[in-house]
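Working notes for the structure below.
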Amino acid sequence: MNFRSLFVSIFFLAISFIQVQAQSVEELRNELAAAPDDFKKVKMYLDAARKVSSKDPDAALEFAQGALDLSQKRRSKDGVVQAHSYLGLLHINKKDCVKALDNLNKAVSFKKQLIPKKASYKSSIAKDYRLIGHCEEQNGKDQDALKSYQTGVRYSIESKNRHEYAWGMFQVGQLQNKMGDHATAVGALDKSIEQANKLGMRTLSRNADRIKNASMAVLETRLEKEEAENEVKAAQQEIENAQQKIEEQEEFAEALVTEKELAEMERDAKIAEIELKAQELDKLELKNAMIEAEKNKIEAEQEAQLERQKREEERYQLLGIGGGLVFLLTVLFMFGRIRSRRKHAKAIEKEKLKSERLLYDVLPETIAKEIMVNGKAKPQKYKEVSILFTDFKGFTKIAASLSPDKLVADLDYAFETFDQITQKYGLEKIKTIGDAYMAAAGIPKPSKDHALDAVGVALEMQAFMNKWRAEKLRKGETPWELRIGINSGPVVAGVIGQHKFAYDIWGDAVNMASRMESSGEPGKINISARTKQLIEKVASTTPRGKIEVKNAGAVDMYFVNDLFVKKNFQATTPKPQKKPWWRK
């Protein structure tokens, strides 16, 4: 076959293909025209729109609009909301955000009215809000888009749609990163990555991880810039202080010269004063004789005056008794007012201490003080800390076998004990997620022994679990088993939220610590190579070799057996903790 004949064949095949496609759309029109006007026809319209959406967008819009018109005619609310939702998606594909927003907002409004009867609409509302946010973002309305994305996430949580939740948190994180709110963006993207990995959404996970790494880089650059600016300001302050000292020394020298001149003038004035006093002394001797005579006269008059005063005092004593009663009543009245004001001031102070106590219970002390002074807390970068994760084996089965009261009581008992152990070693509790417990050593106050402290906490936790296991077996109850994972590395820490504060940490080191826990075994402490390197001189460990970790490849892991060196308070009864000033 020559080139010309090949070209002719391809040309006719293309013409045939186009005709087949045209016939396919035409056949769908004929099929719809022949069908009766009922709800099944609405579904046929929507199915036809989906079939041709990628090949003939205009025909898809025609079919979707037919579904809407018929649904309105038949007064089918379900058909109306489905048609509006699909029309919104088709208009987005054609980059017509005005019509897309009109249809999507109508779909959301109708679905909210139907939720009391059909709770399943919450899941589709989550998707509609995500599409609304996309259109608003395309129109440059980033704040409106962020609110729409966040509303979609809320509906995905209520409907337990993990797929929409992963997409929603990704949209929130990428927009916050675009708007410059990198710290918050990292938290949202972490949640998107975690859910995407669980659902096998690898493309979404990679995209979210890429944007998260970019946000982390911006945060690190910003922190380094702030540190450099602070160093420059400190240097400038030192220069200003030096200049001020020089000026003070010059002023002191000038003051010495002036003081010397004043001393000489004062000396001349005193000499003149002495001469003047010598002249006045002669005059005083003459006056003394006259004064003596006058003195005798005055003494006589004074005796007479004293006699008169004695009689007056007796009269005023009677008046003083009545005045004293008035004064006493006045004092009692003033004392009552002062006591009332003090009582009111104590009540105000008590309410203030309650508010501060809540803040200190939720956040680390240094972070809480910073928020009370400045209204917010700056994110901090830590070169190296140790992160500890715990998780109970088979918690879902345990939860199914216990009553809600018993389950919560047991979980509260375990976490309260964990809180006491972490407080004893100076670890900061970050949060609990279901049956998982997270804490970190070396924050917010850096510590060179952070790895040793984290491993010490883990050993005490496992000792507590062994004792609790024995108690449950004696009672014939199902024992609980604990996995613990520890990793060490750099993190960024900060406060999320403005009304409900949450202190959290982010970074690859946090993700790796979570992998240490999930890759561990019940009753054992699984640590990374970095943590092992920090404690290898004081700890006994068992190497596990390289183990595959999701998104990280093969990683060296170790089981901790025991510590050779332990802190003093670990072998003795811990001293009572000094109460903060607001608890006194």
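No lab work stands behind these numbers, since they all come straight from the coordinates. Bear in mind the structure is a predicted one, so any value in this text is a computation, not a measurement. In this analysis, Cβ positions are derived from the backbone assuming ideal geometry, glycine residues included, and neighbour counts consider all displayed protein chains.
Past 26 Å, Cα to Cα: identify those pairs from LYS43/LYS147; LYS406/LYS431; LYS99/LYS122, in the order given.
Over 26 Å Cα-Cα: LYS43/LYS147.
Using a 7 Å offset from the Cα along the Cα-to-Cβ direction at both LYS475 and ALA463, what is the distance between the two label points in nm, to one decimal?
2.3 nm
Pairs LYS212/LYS537; LYS212/LYS546; LYS383/LYS429: which exceed 29 Å Cα-Cα?
LYS212/LYS537
What residues have an amide H closer than 5 Å to that of ALA502, excluding those fewer than 5 places away on the same chain, when H is modeled at 1.01 Å from N in the peptide plane?
Here ILE496 satisfy the definition.
Can you order the peptides 447-455, 552-560 by their average number of other Cβ atoms within 10 Å per residue, highest first?
447-455, 552-560
MET290 versus LYS160, label points 7 Å from Cα toward the beta carbon: distance in nm?
Simple spin-label model gives 11.6 nm for this pair.
Would you please give the FRET efficiency between GLN380 and ALA214, computed as 1/(1 + (r/R0)^6) with r the Cβ-Cβ distance and R0 = 22 Å, to the nearest 0.05?
0.65
Using the per-residue mean of other Cβ atoms lying within 10 Å as a proxy for protection, in what order, highest first, do the peptides 201-209, 509-517, 152-160 fall?
Listed from highest to lowest mean packing, they are 509-517, 152-160, 201-209.
Stretched out fully, how many nm does the piece from LEU114 to VAL408 gain, at 0.36 nm a residue minus the Cα gap?
102.3 nm
Using only the alpha carbons of region 66-120, what is the convex hull's orientation-averaged projected area in square nanometres?
Reported value for the Cα convex hull: 3.7 nm².
Can you tell me how much longer the chain between GLN237 and PHE415 gets when fully stretched, taken as 0.36 nm per residue apart minus their C-alpha distance, in nm with one decimal?
59.3 nm
Using a Förster distance of 30 angstrom, determine the FRET efficiency expected from the C-beta separation of ASP38 and LYS141, and round it to 0.05.
0.15
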